[in-house]
Amino acid sequence: SFVSEEVNSFKVTVIDPFGKIVLNHDKQDFIGEYTKKIDLTSWPKGVYVIQVKTQDTLVSKRIVLQ
């Protein structure tokens, strides 16, 4: 989750350990608090990357499923 204080468009992407996009979510003209829950229980073990991309920013975090 995160908060956008200005109107912004963004994309949330989850990439699996092999570089394949397994989730892609676009939100246009958004302002306020954004929360997205993702059920990972059926996904294979490995290191996943979550990216949140706006018009001028890219934030990337790793998640390890064991």
#### Entry: Label-point separation, His25 to Lys37 (7 Å along Cα→Cβ), nm
1.1
#### Entry: Simple label model, 7 Å out from Cα along Cβ direction - Ser60 to Lys45, nm
2.5
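What do you get for chymotrypsin sites (Phe, Trp or Tyr not before Pro) in the chain restricted to DSSP loop and a cutoff of at most 15 other Cβ within 10 Å of the site's Cβ?
Details: sites: Phe2, Phe10, Phe18, Phe30, Tyr34, Tyr48; in loops: Phe18.
Within the chain, the qualifying chymotrypsin sites (Phe, Trp or Tyr not before Pro) (loop, at most 15 other Cβ atoms within 10 Å) are Phe18.
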### Summary
The answer for Leu23, listing residues at least 5 apart or on another chain whose modeled amide H is closer than 5 Å to its amide H, is Val14
#### Entry: Coil-residue trypsin sites (Lys or Arg not before Pro) of the chain, DSSP, other Cβ within 10 Å capped at 10
Lys20, Lys37, Lys45
### Query
What number, in percent, do you get for the relative contact order of the chain if the mean sequence gap of Cα pairs under 8 Å and at least 6 apart is divided by its residue count?
35
#### Entry: Rounded to whole Hz, the Karplus (6.51, -1.76, 1.60) HN-Hα couplings of the range 18-29, x for glycine and proline
9, x, 8, 6, 9, 8, 9, 9, 9, 9, 9, 6
### Message
Using each residue's phi in the range 58-63, evaluate 6.51 cos²θ - 1.76 cosθ + 1.60 at θ = phi - 60° and report the 3J(HN,Hα) Karplus result to the nearest Hz, with x for Gly and Pro.
### Response
10, 10, 10, 10, 9, 10
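Read-outs: derived from the displayed coordinates by stated rules, not from any lab. Predicted model, so just to flag it, every value in this text is computed and none were measured. Please note: Cβ atoms are built from the backbone with ideal geometry, for glycine as well, and neighbour counts cover all protein chains shown.
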